[in-house]
Amino acid sequence: MNSGCSIVGLGLHLPRTCVTNAELERIVETSDEWIRTRSGITTRYFAQPDETCSVLAYHAATAALRDAGMSAHELTHIFVGTFSGDYNLPTTACLLQNMLGIAGIPAVDLAAACTGFLYGLESARAFTSLYPEARILVVGSEVTTSRINFEDRTTCVLFGDGAGAAIATGQANPGPIRVLDVMLKADGSVGHLLTVRGGGSACRPVLHESIGPEYFVQMQGREVFKHAVRFMADISSTLIQRNGLRPEDIDLFIPHQANLRIIEAVAKKLGVSMEQFFVNVDRIGNTSAASVPIALTEARAMGRIQPGMKVLLTAFGGGFTWGAALLQF
Ligand code: UT7
């Protein structure tokens, strides 16, 4: 285990446009009541065309840099978790690097769906053990609505857009939030339950007419729900035990914000009260890879995290991929 990695800055950015359940009622056959009772969501943010994935990432990154009191020129690496980048090429990480005006440093996208930020954080932890001087920008940024079928009521009411960012440093520049431990998992055998196939090289030919439902998120909701609960609860519990702790020793759980009922079920499985869980899915919806860093940034800004607290992040997403991270504030 490597405890030489810490977080020195956090930031988030949400698009300008907040969309209510009532507005979605005008687009698909749904109801505010169904959305609230099945998912806990009341609003989410939709990016306008000028608010691309890299633009959202840029605003979250500059907020994190401000929080860290750092200039972009001090960064050494960039990792961006996303499934809805501006393009296939150039990557969103390279677009972001260019916007920050810091050509030269390594920059790469990580495709791990909603677990993208945790994959980025573990990559940062590995890089900081190789390079103790590293100052790594880890971003989760999504314009999920670019990949949502607004004729599919089972998915379009759940997702939103946004970005969250953290700056991770090595032993040479220790910060106020220590990354004590991270655990990642994946299981490709159940990947077909949550897909965005269109635009991939196996979906040839890419003609204008070929843009159909395959181009958008397709999800077997109930099956995904069950896996999300089991995997997030199991990995959280394993990580907690691996660090000699019990669930009640965690001051705040910050789970992926996909559905309030999923969060409640994870809390129940871990045997802890919902008071120990941070929730913002009601206001922000499911922002995939951006969900965990947005929630972490908000939780701290709202005073839910104080120095000395132990915080557990956990996420689950397409692939399937899932993970957890233990932080010490
Ligand atoms: O980010 C990680 C990946 N995503 C997730 O973790 C999401 C996981 N899944 C879920 O959160 C839930 O399964 C959903 C919110 C997607 C659905 O909730 P559910 O309780 O599993 O509902 P269901 O899919 O079993 O559908 C129940 C009913 C169906 O009607 P019938 O067959 O009972 O007549 C659906 O057609 O609700 C209907 N329905 C809707 N009704 C109104 C589905 N979507 C809607 C809708 N408005 N938007």
Practice task
Obtain the radius of gyration and the Kirkwood radius of the range 6-176 from its C-alpha atoms and give Rg over Rh.
Solution key: 1.04
Practice task
With only alpha-carbon atoms counted, please give the Rg and Dmax of the chain, in Å.
Solution key: 18.5, 56
Practice task
Mind checking the full-extension length gain between Ser201 and Ser273? Use 0.36 nm per residue of separation minus the Cα-Cα distance, one decimal, nm.
Solution key: 21.4 nm
Exercise for the section: Consider a paramagnetic label point 7 Å from the Cα of Asp32 along Cα→Cβ; state which residues of the range 124-163 have an amide N under 19 Å from it. Expected result: 157-159
Problem - Gain on full stretching of the segment that runs from Arg66 to Arg222 - 0.36 nm per residue minus C-alpha separation - result: 52.1 nm
Fill in the blank from the handout: FRET efficiency for Glu25 and Arg242 from the Cβ-Cβ distance with R0 = 35 Å, rounded to 0.05, comes out at 0.15
Problem - Percent of alpha-carbon pairs separated by more than 15 Å within the range 82-152 - result: 59
Handout entry: For Leu96, net neighbour charge (Lys/Arg +1, Asp/Glu -1) across residues whose Cβ lies under 10 Å away
Key = -2
Completion exercise
Unit-weight point scatterers at every alpha-carbon of the range 179-328, Debye formula, q = 0.15, 0.17 1/Å: log10 I(q)/I(0) is -0.77, -0.93
Exercise for the section: Report the calculated FRET efficiency for Asp152 and His73 (r = Cβ-Cβ distance, R0 = 41 Å), to the nearest 0.05. Expected result: 0.40
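How many percent of all Cα-Cα pairs in the range 34-78 sit more than 13 Å apart?
The proportion of pairs with Cα distances above 13 Å equals 68 percent.
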Problem - Order by protection proxy (mean Cβ within 10 Å, highest first), peptides 293-299, 139-145, 172-178, 6-12 - result: 139-145, 293-299, 6-12, 172-178
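Magnitude of the Cβ-charge dipole of the chain, K/R +1 and D/E -1, about the Cα centre, nearest 20 debye?
On the way: 26 positive and 30 negative charges, 132 e Å.
It works out to roughly 640 debye.
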Exercise for the section: For Ala186 paired with Arg16, estimate the spin-label separation in nm (one decimal), with each label point 7 Å from Cα along the Cα-to-Cβ line. Expected result: 3.7
Exercise for the section: Any chance you could run the full-extension gain for Leu130 through Asn88? It's 0.36 nm times the residue separation minus the Cα-Cα distance, nm to one decimal. Expected result: 12.2 nm
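Values in this text are rule-based calculations from the coordinates and carry no lab data. Source: prediction; values computed, not measured. We place every Cβ from the backbone using ideal geometry, glycine too, and count neighbours over all the protein chains shown.
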